[in-house]
Amino acid sequence: MALNQFPHERTKLKTTPDYAHFFIQEVRRYYPFFPFVAAKVKADFTWNDYLFEEGTLVLLDIYGTNHDPKMWENLDEFYPERFAKWQGDLFSFIPQGGGEYETTHRCPGEQLTIEMMKLSLEYLLNKMDYEGTIYNKG
């Protein structure tokens, strides 16, 4: 979708080393795979004067966090370059959950997802004419 909506990105992807990484991260931020994930509170804690009790079902707002104006400048703009010097942490960019893979609620398949997106991106850049048909370059 991003390659079609933002055609200028195709040129950058073909000419700029490492740009695919930034592009993929921005796709994951801009178009989340799902809007939220569910989890249960492991231990009582208070956040913003609200008590979260152990065992309570909570929802992590992935879309909202990845479009939060407190964390992202120009959040409604598709801008892969934001990831070139991104200094966020594992809780501010949460396309597949937040935190560490081993101890918190982050998808252990995230790196596999990124690698699959790289392969898909390569195919889409080299095999699509963006008029709706697929062609073979050899």
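Specify whether the C-alpha gyration tensor of region 25-75 places it in the rounded, prolate or oblate class, a ≥ b ≥ c being the square roots of the eigenvalues: rounded for a/c under 1.5, otherwise prolate if a/b is larger than b/c and oblate if not.
Details: a/c = 4.12, a/b = 1.85, b/c = 2.23.
Verdict is oblate for region 25-75.
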Taking the chain and counting helices only, DSSP H stretches of n ≥ 4 at -39,500 (n - 2.57) each over all residues, the nearest-500 ellipticity at 222 nm comes to -10000 deg cm²/dmol
List, in the order given, every pair from 42/70; 14/118; 14/70; 85/118 whose Cα-Cα distance in the structure shown is over 24 Å.
42/70; 14/70
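Quantify how much of the Cα-Cα distance distribution of the chain extends past 18 Å, in percent.
Percentage above 18 Å: 62.
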Using 0.36 nm per residue, how much length does the chain from residue 38 to residue 15 gain when fully extended, once their Cα-Cα distance is taken away?
4.3 nm
Quick one: Karplus J couplings for region 5-11, per residue in order, coefficients 6.51, -1.76, 1.60, θ = phi - 60°, nearest Hz, x for Gly and Pro?
6, 10, x, 4, 5, 4, 5
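Please work out the FRET efficiency for the pair residue 61 and residue 102, using the Cβ-Cβ distance as r and a Förster radius of 25 Å; give the result to the nearest 0.05. Present the calculation step by step, with values, prior to reporting the outcome.
Working: r = 23 Å, r/R0 = 0.92.
The formula returns an efficiency of 0.60 here.
Between residue 49 and residue 89, what's the calculated FRET efficiency when r is the beta-carbon distance and R0 is 30 Å? Round to 0.05.
Plugging the Cβ-Cβ distance into 1/(1 + (r/R0)^6) gives 0.85.
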For the chain, the longest stretch holding no GluC sites (Glu not before Pro) located in a DSSP loop with at most 15 other Cβ atoms within 10 Å is which?
1-52
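Where a number appears in this text, it was derived from the coordinates with a stated rule and is not lab data. Everything numeric in this text was worked out from a predicted model, so none of it was measured. Here Cβ is always computed from backbone atoms with ideal geometry, including for glycine, and neighbour counts include all displayed protein chains.
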